[in-house]
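See below for the structure under consideration.
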Amino acid sequence: MSAFQGPAGRYAPSPSGDLHFGNLRTAVLAWLFARQTGRKFYLRVEDIDSERSSDESATRQIEDLEALGLDFDPPVLYQHDRGDAYAEALARLDTYECYCSRRDIREAASAPHTQPGMYPGTCRDLTEEQRALRRSQLAEEGRLPAIRLRAHAREWTVQDFYHGEYTGPVDDVILKRGGRLDQAQAGDWAYNLAVVVDDGFQGVDQIVRGDDLLPSAPAQAYLADQLGLTAFSYIHVPLVVGAGGRRLAKRDGAVTLREMLAEKGVADVVGDIAASLGCGGVTSVNGILQRFDPAQLSLDPWLWTSQ
Ligand code: GLU
């Protein structure tokens, strides 16, 4: 039996550096929505990108979230343990090999009649003969093909708590990256596949995350449908921005919890998060849980100011 049980919410950071104020605020929001609706709340470490992720970073992120007072239902799920589940899901989907390099896609995408940002379909309808040729050409360059979804819908509609019905393109998204032959391993699993398989596996039915990910929701919801999963409900929340309206980053000063704690106490940091959620004067996450009203959350990006 699975260790996970829905209905559940989750926070799913990528362990490639310390969480900053915007990430922490999104984590608090995910926890608030789950706990206010009586759901389980899981932490998932999205470390499929083996070059950018580290266990050390994951441990620091978990320590920081716990320092804020957030609690998670055990166990923590690590995507690096989930290869078999992704392979099993991949086998159930309609897919095809893609031999394109980034440059191939850029060049093909600039041709007339292709939709900007969408895969131009170069490898979608190749014959077996053409595939064998492209595969061996790729092998000469030491590369393995990527695997793409063969989408049978052009667009898909999701329900979002703040954005209502949101329709967007599905696209033949990458499910598995092309690997390198010399490393004798296939490439990493792609985010879009891993996130959907794991949300399904963990009984997650409420997805709270930054609204920069809203455009990827239709393709993910389509994938979920193809895997026979029940539709998720989405809650995309506004990002925190720094000077110039750009997404919060190192250049904005002391933005990570550890940097902030060098200047103030954890109750002050929680107080800043509370203030950004319309709960000024509250200094604990349990206090926010009592006061937070989802309907009152401002949908404008929250402007970070260093104190
Ligand atoms: N791991 C993703 C990130 O850190 C979030 C994925 C998600 O919440 O669906 O941006």
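The values are calculated or read from the model by the stated rules, or taken from the named source; none is laboratory data. Bear in mind the structure is a predicted one, so any value in this text is a computation, not a measurement. Reconstructed Cβ throughout: ideal geometry from the backbone, glycine too, with neighbour counts over all protein chains shown. Ligands, DNA and RNA are stripped out before the accessible areas are found, and what is left, the full protein with its side chains, is counted by its heavy atoms. Shrake-Rupley method; radii C 1.70, N 1.55, O 1.52, S 1.80 Å.
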Picked from the range 233-248 (must be assigned to a loop (DSSP other than H, G, I, E, B) and open to solvent by 30 Å² or more (accessible area, probe 1.4 Å)), the residue nearest to LEU214 (Cα to Cα) is LEU239
If you scan the range 190-219, which residues turn out to be over 10 Å from the mean Cα position of the chain (by Cα), free of Cβ contacts under 8 Å to residues at least 60 places away in the same chain and closer than 21 Å to GLY6 by Cβ? GLY200
Residue that is over 30 Å from HIS20 (Cβ atoms) and of a type in the set (Phe, Trp, Tyr), where the choices are TYR166, TYR119: TYR119
Of all residues in the range 102-124, count the ones that are over 16 Å from ALA151 (Cβ atoms) and free of Cβ contacts under 8 Å to residues at least 12 places away in the same chain. 10
So which residues in the range 289-307 are out of contact with any Lys or Arg (no Cβ under 8 Å at 6 or more places or on another chain), in contact (Cβ under 8 Å) with a residue 24 or more places away in the chain and more than 18 Å from ILE235 (Cα to Cα)? LEU303, TRP304, SER306
In this structure, is LEU77 hydrophobic (A, V, I, L, M, F, W, C), within 16 Å of the ligand (Cβ to nearest atom) and open to solvent by 10 Å² or more (accessible area, probe 1.4 Å)? yes
I want to confirm something. Restricting to the range 249-274 and keeping residues that are open to solvent by 10 Å² or more (accessible area, probe 1.4 Å) and hydrophobic (A, V, I, L, M, F, W, C), which single residue is farthest from ALA27 (Cα to Cα)? ALA262
Pull up the range 6-21, narrow it to residues that are more than 12 Å from the chain's Cα centre (by Cα) and within 11 Å of the ligand (Cβ to nearest atom), then point me to the one that is surrounded by the most Cβ atoms within 10 Å (Cβ to Cβ). GLY9
If you scan the range 183-236, which residues turn out to be among the charged types (D, E, K, R) and away from the ligand (no atom under 12 Å from the Cβ)? ASP188, ASP205, ASP225
Quick check: is even one residue across the range 202-216 among the basic types (Lys, Arg) and under 30 Å from TRP302 (Cβ atoms)? yes
What's the number of the only condition in (1) open to solvent by less than 70 Å² (accessible area, probe 1.4 Å); (2) over 26 Å from the mean Cα position of the chain (by Cα) that GLU141 fails to meet? (1)
One residue from LEU90, LEU68 being more than 13 Å from the ligand (Cβ to nearest atom), of a type outside the set (Ser, Thr, Tyr), at pLDDT 95 or above and out of contact with any strand residue (DSSP E or B) (no Cβ under 9 Å at 6 or more places or on another chain): LEU68
